[in-house]
1. Please go through (1) in contact (Cβ under 8 Å) with a residue 60 or more places away in the chain; (2) over 30 Å from residue 37 (Cβ atoms) for residue 376 and return the number of the only condition it doesn't satisfy.
2. Suppose we keep only residues that are within 12 Å of ligand 1 (Cβ to nearest atom) and of a type in the set (D, E, K, R) within segment 21-41. Which one would you say is surrounded by the most Cβ atoms within 10 Å (Cβ to Cβ)?
3. Quick one: which of 45, 13, 21 is touching a Leu at 6+ places or on another chain (Cβ under 6 Å) and not hydrophobic (A, V, I, L, M, F, W, C)?
4. Can you find even one residue in segment 38-51 that is touching a Gly at 6+ places or on another chain (Cβ under 7 Å), part of a loop (DSSP other than H, G, I, E, B), modelled with pLDDT of 95 or more and closer than 15 Å to residue 115 by Cα?
5. Of these, 53, 44, which one is surrounded by fewer than 18 Cβ atoms within 10 Å (Cβ to Cβ) and over 15 Å from residue 370 (Cα atoms)?
6. Looking at residue 392, is it surrounded by fewer than 16 Cβ atoms within 10 Å (Cβ to Cβ) and out of contact with any Ser or Thr (no Cβ under 6 Å at 6 or more places or on another chain)?
7. Six or more apart or on different chains, Cβ under 6 Å: which pairs go from a residue in segment 55-70 that's among the small types (Gly, Ala, Ser) to one that's within 9 Å of ligand 2 (Cβ to nearest atom) and part of a loop (DSSP other than H, G, I, E, B)? Could you list them?
8. Which residues, taken from segment 302-355, are in contact with a Ser or Thr (Cβ under 8 Å, 6 or more places away or on another chain) and small (Gly, Ala, Ser)?
Amino acid sequence: MKSYLTRDIRNVGIVGHGGTGKTQLVSSLLFTAGMTTRWGKVAEGSTSTDWDEEEIARKISIQTGLAHAEWPATPASPSGSSDKVKINFIDLPGYSTFITEAKASLIAADAALITVDAHVGSQVTTEKVWDYCTEYDIPRAFVLTWMDRELSSFERSMESLQEVFGRNVVSLQMPIGSEKGFRGVIDLVAMKAHIYKPDGDGKPSIEEIPAALADEAKEAHEKLVEMIAEGDDEMMEEFFREGTIPIHDLIPAVRKAIVAEKIFPVLMTSALHNIGTASLLTFLADAFPHPDEHAQVGFKEPGGKGDRVERKYDDSQPLSLFVFKTLSDPFTGRINYFKVKSGVLKNDATLTNYNRNLPERFQHIQAVQGKQFTEVGELHAGDIGAIAKLKETTTGETVGDKASPIYYSPAQLPEPSITFAIEPKTRADEDKIGVSIHKILEEDPALRFSRDPQTKEFLLAGSGQQHIEVVVAKLHKRYHVDLTLKPPKVAYRETIRGKADPSSAARASSSSTMSLAAPSPRTGFLPSKKEFVMRPRAASSLGFPWWTSAPSSTTASITMSIPRTWLSKSPARWPSRKP
Ligand SMILES: Nc1nc2c(ncn2[C@@H]2O[C@H](COP(=O)(O)OP(=O)(O)OP(=O)(O)O)[C@@H](O)[C@H]2O)c(=O)[nH]1
Ligand SMILES: [Mg+2]
């Protein structure tokens, strides 16, 4: 496969609220660009980026999906490319349970496309992913999805976005038709109409703006020009003198404003009917930054410590690459997705993993199209690729030329919010559990596995019940390991404060130290959530509901007086084994 120069690469993170159509959009963009012969649909489980069997079964994204499209930049476009550019799509989950994965992989993007349901406007996760983009300091654009949907509204969506993100949210397009009659977009920069055939090949016919929309389009164009010219004295002067900015000056100015995060443009599509996709691809090729427009910094020591080391996405610099995602395939083994941060990676290179001080051989480097991998001879600075069978390297590690060590900081991820105790169902499961959980841990940055030293239980912590259920389903399907999930036991301690007085037992039972429910004498486990009674004072002193994870020190410090017979006995076998 062809390799692409840094200036011809766009790394685009696709983020947004759950179910707003990210995966369908990527699938339609790939089809429009001719990268797939079959137009993948989420409903049919045939998209390129939701290929994991859990994703297909649940019809939601769970992990990072990678794909790429080749698309011509507009001739003599301001991006500096005259050739086809390679747009790497990083399709990320949107449901809050899987949002940690999105944050972890967005680190590889140089710009983000935020999907917004045109029926709803901005939602909770829209704001969350906006914050991630701010943290990574990347330019971003919004794409209104579901424009074909009943009650979808361009005007209301714009109001919602401007209310939440400010007046720098500015539309580069206007819809032609609405709801079921949505047929295309008016390009407010070039002032042309792009008319699409619903369910067609995604390529529009470029026409003059329909007379009925001409005045509205002119007004929107002028507002856009005014906004772009703002802060640019020379352009402002030209704007007042001529009343507009000529198109050959406007296009580079729009790009400059996007890259500088001065404006946050809005575009629109109906991904399910393939309307607006070619216009969006042209926008990404022309107006989104190439990697070298995104400043990066490395450090002399791991974990963001030590002096800063400046590196550029430049082929002439020493080779370094950062692993942003590890997959654990039951057949192929470990697959790492990485971004070349500097230099050129050539097939068969032997590099050093700086974090582990180990050599790693990059044999058969791959370009990724969903679950299809194609071997490439080399990858230039800024490109994204995959490699199978590295010995030790996993997510968050830096690899490169032995002589020029550098460490890139991994994403800062939130701590898990829910914990379950796990028990294998059979003896065979017990034997396989340690190895298989270790493999899932490698690919899931939101998962934690530990053993409570007091209750001796093995604990799986994640970002929601659905997250842990997906882990259990993966263990079953990939490694044939079956687990039972249980609420974790609370670690009780008895405090002996003096001599016992049997006659005071009844009074003691109503004292404030008895404010937590005790485990069932039969099972040794806490009652179900429904039966659980916690007095308000006790609940607020704990500061978290019992079924969420708490720091073990907090758990251990709960002191209670409860009858000795109520104390649970540890299950005899499994917890005594090492994980
Ligand atoms: N009518 C219509 N349906 C759409 C459109 N885009 C996506 N859908 C549907 O919306 C549903 C969710 O689409 P996805 O692409 O999986 O959404 P997502 O944002 O990737 O979801 P997560 O990754 O799980 O957050 C699917 O049933 C799609 O067919 C659209 O433009 N119009
Ligand atoms: Mg998705």
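The values are calculated or read from the model by the stated rules, or taken from the named source; none is laboratory data. These numbers come from a predicted model, not from an experiment. Positions of Cβ are generated from backbone atoms using ideal geometry, with glycine treated the same way; all protein chains shown enter the neighbour counts.
1. Among (1) in contact (Cβ under 8 Å) with a residue 60 or more places away in the chain; (2) over 30 Å from residue 37 (Cβ atoms), the lone unmet condition for residue 376 is (2).
2. This residue is 22.
3. Values: 45 fails: touching a Leu at 6+ places or on another chain (Cβ under 6 Å); 21 fails: touching a Leu at 6+ places or on another chain (Cβ under 6 Å).
Result of the check over 45, 13, 21: 13.
4. No: zero hits.
5. Working: 53 fails: over 15 Å from residue 370 (Cα atoms).
Checking each option against the conditions leaves just 44.
6. Numbers: surrounded by fewer than 16 Cβ atoms within 10 Å (Cβ to Cβ): yes; out of contact with any Ser or Thr (no Cβ under 6 Å at 6 or more places or on another chain): yes.
Considered against the rule, which asks whether it is surrounded by fewer than 16 Cβ atoms within 10 Å (Cβ to Cβ) and out of contact with any Ser or Thr (no Cβ under 6 Å at 6 or more places or on another chain), residue 392 comes out as yes.
7. 61/50; 61/93; 65/49; 67/49
8. Once the filter is applied, which keeps residues that are in contact with a Ser or Thr (Cβ under 8 Å, 6 or more places away or on another chain) and small (Gly, Ala, Ser), segment 302-355 yields 303, 304, 320, 342, 343.
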